[in-house]
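Participant: Below: one structure in structure tokens.
The values are calculated or read from the model by the stated rules, or taken from the named source; none is laboratory data. Nothing here was measured: the structure is a model prediction, and the numbers come from that model. All Cβ positions, even for glycine, are placed from backbone atoms using ideal geometry, and neighbour counts span all protein chains on display. Calculation scope for accessible area: heavy atoms of the full protein, side chains included, ligands and nucleic acids excluded. Shrake-Rupley method; radii C 1.70, N 1.55, O 1.52, S 1.80 Å.
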Amino acid sequence: SSSVMPKSKPVRTPRTQRDGAETATHREQDAPFDGWSTAACLMSLCTPGDVIQRPETVFAYGPAEVCPRWATRDSDTMKLREEELTDLSRCKTKELSAAVQVYEEHAAHGEACAQFNLAVSYANGKGVPKDLTKAVELYSSSAAGGEPKAMFNLALLLLKGGPGVEVDVPSAVTWLHKAAEASCSDAQCQLGVFYEQGIHVRRNQTRAAEYLRAAAKAGDPRAAYNLAAVLDEGSAEIPRDLEEAAHFYKIAAASCNPRAQYNLGTLYEQGRGVPHSFHEAAKYYRLAAAQNLAKAQFALGRLYEEGLGVKCDLEYARSLYRKAAACDDADVIFALAQMHADGKGVPQDVAKAAFLLGRAVKAGHSAAQFELGLMYEQGRGVAQNQARAIGLFKQAACVGCHRDAQVHLAECYAAGRGVDKHGGKAAHLFSLAAKAGSGKARYHLGKMYLTGIGVTQQLGKAVVWFESAVELVSEEDSQRWSMVAAVELARLFSTTGTEVTDEKKARRVCEFLLNHGNPEDRATVGELLIKSEILGRDVSRGAEVLRTAAADGSVLASVKLGEMYMKGVGVKLNQQRAAALLEHAVAAGDVEAMYLLGVLHEKGVGLDAGVDIPRCVELYEKAAAAGHALAAYKLGVMHTDGTATSNMALATQYLVQAEWGGID
């Protein structure tokens with residue numbers, strides 16, 4: 001990127017696990033035909049309002065049932081009602097055999113609907129021995145005769161395969177398209193799922209939405225749910241449309257889809273696409289909770305705990321939490337672990353939190369792996385175990401692709417904490433997290449290329465990564481790192497004689513920091529304006545920037561401006577003003593301010609109290625203890641000549657420290 005200015009705030013995609021990260025999604029690659037249970041909806045409950053609506057299904061639902069448009073021509077003889085003939089599951093054995101005879105008679109005359117019904121009989125072993133080969137043959141004949149549901153069932157059989165039936169994906173996809181073109185809502189919904197996820201076809205969100213919308217308009221509640229999920233999440237191809245998402249969630253919710261009910265509840269709770277209403281949120285959470293959806297039980301419990309839209313009832317809230325905890329939903333277990341860790345809604349119990357995290361870890365929950373790793377690293381709720389912590393970080397970072405875990409593990413490799421120090425591995429992990437949108441990782445990669453630690457030093461690449469970090473300035477979890485990266489860019493662009501020196505960019509970044517940065521960021525700009533030749537060494541403007549930043553609490557500005565008043569550089573000499581500014585910085589623990597204020601008290605010039613050696617020595621000692629070489633040198637001299645105390649042993653100690661610090 002050639003620009004370091006922030007882009008407009010992007011729409012944030014909800015995450016499966018709250019990490020500051022993207023998270024791995026789970027697909028049901030081997031889902032059975034009975035897809036009512038396979039339209040998995042992965043939603044995060046780490047904090048109120050986070051939810052994933054993305055449908056993660058391969059087979060949205062099972063084969064179509066007996067064609068409802070055909071019934072026996074001889075209903076009086078067969079003594080069967082039309083609905084009995086068109087629903088094999090409700091037929092008795094004798095009736096099934098009779099129905100099959102009717103199907104065979106009409107199928108022999110080439111009637112597509114009869115061929116379809118007979119195929120269903122063979123596919124399910126209803127009235128005849130189960131025979132998938134015969135079913136495929138009959139589905140093929142019916143499909144060739146123009147029966148859309150036969151096309152759909154044939155496609156699913158060819159996708160799944162079975163005894164006597166080889167998997168044939170290309171043919172299956174072809175039949176799905178033909179069925180969809182023939183207005184088969186089942187096929188339209190299935191293709192919508194395939195195009196949305198890129199399964200068996202090239203991923204295409206636009207086509208996915210088209211197929212799902214067609215099926216939803218035909219009254220398919222499953223398509224309505226999947227379409228709502230696509231619109232809720234949004235993508236580069238399909239802009240997020242929360243109002244329309246809510247509309248289709250309502251259609252799906254009306255058909256008792258618990259996931260749609262839950263998602264609709266989250267929209268009402270957040271006021272996204274619908275009017276904000278805790279009452280409505282509770283209504284839909286309650287419907288989903290009644291169907292044992294753990295996420296809904298948890299969300300409803302939270303509303304009862306806080307008395308939002310319902311009367312506060314802590315006992316009922318805890319009963320809902322217990323029900324949710326009894327399930328195997330890793331997201332819910334992770335959220336409950338966070339509650340126990342923070343003591344929110346339940347008594348704080350870090351050991352219980354660690355236990356629950358362990359349950360979520362067994363289910364492969366990457367955020368739980370990361371959090372449990374932190375607990376082992378810090379010894380919270382479990383015995384400290386760095387090796388176990390690193391193992392969990394690796395699982396979360398490398399298997400679960402958890403962004404924060406990747407960053408944390410990279411920091412471990414960079415510092416040699418719990419693992420052998422390895423700059424290359426650190427850079428690789430930072431790169432993974434950076435590509436997943438971590439501002440912190442992008443900043444650290446820029447820093448590595450700037451310093452040449454772990455990678456070959458390349459200022460150009462450093463600039464690229466710093467700029468990419470700045471682009472995330474509107475993201476809450478990356479904002480601070482974006483600003484730190486902007487500070488690095490300001491320094492790079494304003495440094496004379498490098499391959500990336502650029503006055504125009506330097507001024508642009510400085511203005512950005514002045515408009516959007518905190519007081520410390522603005523203090524850095526003030527310092528650059530004074531010192532940088534590229535920026536014209538504008539002492540007057542730099543001093544003004546420092547004054548404003550110091551007034552807003554910047555420690556750096558207090559130190560730099562204090563030094564300017566102390567020496568009369570760029571401002572009128574004013575030791576009293578210098579002392580006041582430096583005292584503020586000393587109170588904040590700034591080491592350089594301790595040294596400079598010590599110099600003022602040693603000389604006493606311009607101070608009302610005059611020379612103050614005890615205060616001077618106190619400040620030098622604090623600075624020296626923090627590693628300040630010049631302060632150590634001053635103390636060495638003062639203990640040698642007796643200005644402080646005559647102590648040659650102590651003098652030698654300080655002078656050696658000064659020499660190690662680079663003071664000749």
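Participant: Suppose we filter Arg522, Arg480, Arg491, Arg507 for residues that are part of a helix (DSSP H, G or I), out of contact with any Pro (no Cβ under 8 Å at 6 or more places or on another chain), modelled with pLDDT under 95 and of a type outside the set (A, V, I, L, M); which single one remains?
Facilitator: Values: Arg522 fails: modelled with pLDDT under 95; Arg491 fails: modelled with pLDDT under 95; Arg507 fails: modelled with pLDDT under 95.
Residue meeting the stated conditions: Arg480.
Participant: Something else about it: Go through region 375-406 residue by residue and tally those that are hydrophobic (A, V, I, L, M, F, W, C), part of a helix (DSSP H, G or I) and free of Cβ contacts under 8 Å to residues at least 60 places away in the same chain.
Facilitator: From region 375-406, those hydrophobic (A, V, I, L, M, F, W, C) are 375, 382-383, 387, 389-390, 392-393, 396-399, 401, 405; that's our starting set.
Subset that is part of a helix (DSSP H, G or I): 375, 387, 389-390, 392-393, 396-399, 405.
Cutting the leftovers down to free of Cβ contacts under 8 Å to residues at least 60 places away in the same chain gives us 375, 387, 389-390, 392-393, 396-398.
Counting residues in region 375-406 that are hydrophobic (A, V, I, L, M, F, W, C), part of a helix (DSSP H, G or I) and free of Cβ contacts under 8 Å to residues at least 60 places away in the same chain gives 9.
Every residue, every condition in (1) in a loop (DSSP other than H, G, I, E, B); (2) among the aliphatic types (A, V, I, L, M), yes or no:
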{"residue": "Gly610", "(1), (2)": "yes, no"}
{"residue": "Pro614", "(1), (2)": "no, no"}
{"residue": "Ala624", "(1), (2)": "no, yes"}
{"residue": "Ala631", "(1), (2)": "no, yes"}
{"residue": "Met638", "(1), (2)": "no, yes"}
{"residue": "Ala651", "(1), (2)": "no, yes"}
{"residue": "Tyr654", "(1), (2)": "no, no"}
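Participant: Against the condition in contact with a helix residue (DSSP H, G or I) (Cβ under 8 Å, 6 or more places away or on another chain) and under 23 Å from Leu450 (Cα atoms), how does Cys412 come out, does it pass?
Facilitator: Numbers: in contact with a helix residue (DSSP H, G or I) (Cβ under 8 Å, 6 or more places away or on another chain): yes; under 23 Å from Leu450 (Cα atoms): yes.
Yes: the conditions hold for Cys412.
Participant: Kindly indicate which of Asp313, Asp342, Asp331, Asp349 is at pLDDT 90 or above and either farther than 23 Å from Tyr262 by Cα or buried (at least 17 other Cβ atoms within 10 Å of the Cβ) (or both).
Facilitator: None of the other options fit; the residue is Asp349.
Participant: For region 174-185, which positions are open to solvent by less than 30 Å² (accessible area, probe 1.4 Å) and either closer than 18 Å to Ala135 by Cα or part of a strand (DSSP E or B) (or both)?
Facilitator: Leu176, Ala179
Participant: Quick one: which of Gln261, Gln297 is within 23 Å of Pro221 (Cβ to Cβ), in contact with a Lys or Arg (Cβ under 7 Å, 6 or more places away or on another chain), crowded, with 22+ Cβ neighbours inside 10 Å and polar (S, T, N, Q)?
Facilitator: Values: Gln261 fails: in contact with a Lys or Arg (Cβ under 7 Å, 6 or more places away or on another chain).
Gln297 is the lone residue from the list that is within 23 Å of Pro221 (Cβ to Cβ), in contact with a Lys or Arg (Cβ under 7 Å, 6 or more places away or on another chain), crowded, with 22+ Cβ neighbours inside 10 Å and polar (S, T, N, Q).
Participant: For region 485-499, which residues satisfy the criterion of being open to solvent by 20 Å² or more (accessible area, probe 1.4 Å), closer than 13 Å to Ala462 by Cα and not acidic (Asp, Glu)? Explain how you work it out, then say what you get.
Facilitator: Residues of region 485-499 that are open to solvent by 20 Å² or more (accessible area, probe 1.4 Å), as a first pass: 491, 495-499.
Cutting the leftovers down to closer than 13 Å to Ala462 by Cα gives us 491, 498-499.
Result: Arg491, Thr498.
Participant: If I filter region 139-150 down to residues being open to solvent by 20 Å² or more (accessible area, probe 1.4 Å) and either of a type in the set (A, V, I, L, M, F, W, C) or in a loop (DSSP other than H, G, I, E, B) (or both), which single residue comes out as nearest to Gly164 (Cα to Cα)? It would help to see each step written out before you state the result.
Facilitator: The first filter runs over region 139-150 and keeps only residues open to solvent by 20 Å² or more (accessible area, probe 1.4 Å), leaving 140-141, 144-146, 148-149.
Checking the rest, the ones that are also either of a type in the set (A, V, I, L, M, F, W, C) or in a loop (DSSP other than H, G, I, E, B) (or both) come to 144-146.
Details: Ala144: 21, Gly145: 23, Gly146: 24 Å.
For region 139-150, the residue satisfying everything is Ala144.
Participant: What pairs can you find where one residue is in region 230-250 and assigned to a loop (DSSP other than H, G, I, E, B), the other is open to solvent by less than 70 Å² (accessible area, probe 1.4 Å) and β-branched (Val, Ile, Thr), and their Cβ atoms are less than 8 Å apart, with a gap of 6+ or different chains?
Facilitator: Hits for this filter: Gly234/Thr13; Glu237/Thr206; Ile238/Thr206; Ile238/Val230.
Participant: Hey, another quick one. Quick check: is even one residue across region 189-211 at pLDDT 90 or above and closer than 27 Å to Gly125 by Cα?
Facilitator: yes
Participant: Now, a different point. Scan (1) closer than 18 Å to Leu191 by Cα; (2) open to solvent by 30 Å² or more (accessible area, probe 1.4 Å) for the single condition Cys256 breaks and write down its number.
Facilitator: (1)
Participant: Which count do you get for residues in region 436-464 that are without any contact (Cβ under 8 Å) to a residue 40 or more places away in the chain and buried (at least 24 other Cβ atoms within 10 Å of the Cβ)? Break it down stepwise before answering.
Facilitator: Narrowing region 436-464 to residues without any contact (Cβ under 8 Å) to a residue 40 or more places away in the chain: 441, 444-445, 448-449, 451-453, 455-458, 461-463.
Okay, now just the ones that are also buried (at least 24 other Cβ atoms within 10 Å of the Cβ), so 441, 444-445, 448, 462-463.
Residues that pass the stated criteria total 6.
Participant: A further question on this structure: Quick one: which residue in Gln348, Gln369, Gln338 is assigned to a helix (DSSP H, G or I), over 21 Å from Val419 (Cα atoms) and of a type outside the set (Phe, Trp, Tyr)? Reasoning before the result, please.
Facilitator: Values: Gln348 fails: assigned to a helix (DSSP H, G or I); Gln369 fails: over 21 Å from Val419 (Cα atoms).
Matching residue, one of Gln348, Gln369, Gln338: Gln338.
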